[in-house]
C-alpha cells in the first residue's frame, strides 16, 4: 500500500512510494507518469484506492463511445458457431488466444496440457471444430492426435517454437503448424483454411525471417537473466525463432550460479531485478567467474538514456538492447557478438 502523504507524489516523474522501492523491485518511477499522460490525452483520469499493508488498486476512467455501425469482416462471420478446444500450460497465452477467438465468434473451451484433462475434454461429448495446442510435448500431441482421429476429426492447429526439436515433434501429425510468436492474421488464416479449404500462404512473414536468419545464429546457447515472466516468454519466443537454445535465470544471483562461459555463448542481462540487479551480477561475473571476462554480456533495460548505457558499459557489459525488445535487435546483437567472433 501507499501512505496517504505519498499518493499524489507517485504520479510525478521518477516518483516512487519510498526510496527503497527502486533498489528492491527496480523501475524508474515513470510508469504512472506515462499512464497518467496517456489517460489525460484520452480525456480520462486515473484514481487509486490504497491501504497500507493491503495493497493498491489503480483505475483508469476513460470516456469511450459505442460503435454501432461496425460490420464484422467476412472472414470473422464464418467463425460464428464454431467451437475450439484450447490446450496450453501458459495462462497468459490462454487468455490472449481465448479473447481473440471469442472476438471472432468462436466458442472456446480451455484445457491444460495434462493428457488426462485433454482426454476428458475430448470425450465429454462436445464436438470441436478446432483444437489449438500451445507449448507442445510428445504426450500432449499423442493424446490429441489419437482422440481427434475418432469420428469426424477437428482441425488441429499447433503453435510451436522455431526449434528443430519442436518441428520434429509434429512430423506426421495431420495439423497446421504455426511458429511462435503467431500473429492475428496467421491464426485467422489457419482457422479459415479449416472451414473453407483456402490454403494459408506458403510462407508467413515470421517464417521468412526465420529462414533468412537461422543459418546465421542457430545453435547459439543463450543465458537469459530476467525476473519478469512475460518478458521471459517474449524473449524466449524470439530467441527460439532465431534458432537459439535458451536457459533462464530469474535474477542476478541465479545468473551467477548458472553462468558457464564454456557452455553459454552470450548472456542477456536485465538490469533491474530483485535480490541482485544485473549491474552487480555483471561485475561479479567479470571479477570472479572463470573466463567470465570473455563472455559477451548484453544489457536489456527500458532505461534508454545515454547515461544508462554508460552505466551498463562501466559495469562490464558489452552492449545494450532497449526494451521492448525486437527480433531485429536480438539478431543484430547475436551476429555482432557471437557469430562475428568465430
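The values are calculated or read from the model by the stated rules, or taken from the named source; none is laboratory data. Predicted model, so just to flag it, every value in this text is computed and none were measured. Here the Cβ positions follow ideal geometry from the backbone for every residue, glycine too, while neighbour counts run over all protein chains shown.
Here are some notes:
- Search result, residues across segment 88-102 that are more than 12 Å from residue 132 (Cβ to Cβ) and without any contact (Cβ under 8 Å) to a residue 12 or more places away in the chain: 91, 95, 99, 102
- Residue in segment 108-129 that is at pLDDT 80 or above, over 23 Å from the mean Cα position of the chain (by Cα) and either closer than 24 Å to residue 193 by Cα or crowded, with 18+ Cβ neighbours inside 10 Å (or both) present: no
- Qualifying residue in segment 244-259 (condition: surrounded by fewer than 17 Cβ atoms within 10 Å (Cβ to Cβ) and without any contact (Cβ under 8 Å) to a residue 12 or more places away in the chain): yes
- When residue 299 is tested against (1) in contact (Cβ under 8 Å) with a residue 12 or more places away in the chain; (2) part of a helix (DSSP H, G or I); (3) within 19 Å of residue 272 (Cα to Cα), just one condition goes unmet, and that condition is (2).
- Inside segment 238-259, residues that are closer than 14 Å to residue 279 by Cα and either at pLDDT below 90 or in a helix (DSSP H, G or I) (or both) make up a count of 5.
- 2 or more residues at pLDDT below 80 and either touching a strand residue (DSSP E or B) at 6+ places or on another chain (Cβ under 9 Å) or surrounded by 13 or more Cβ atoms within 10 Å (Cβ to Cβ) (or both): qualifying strands (runs of 3 or more DSSP E) within segment 1-97: none
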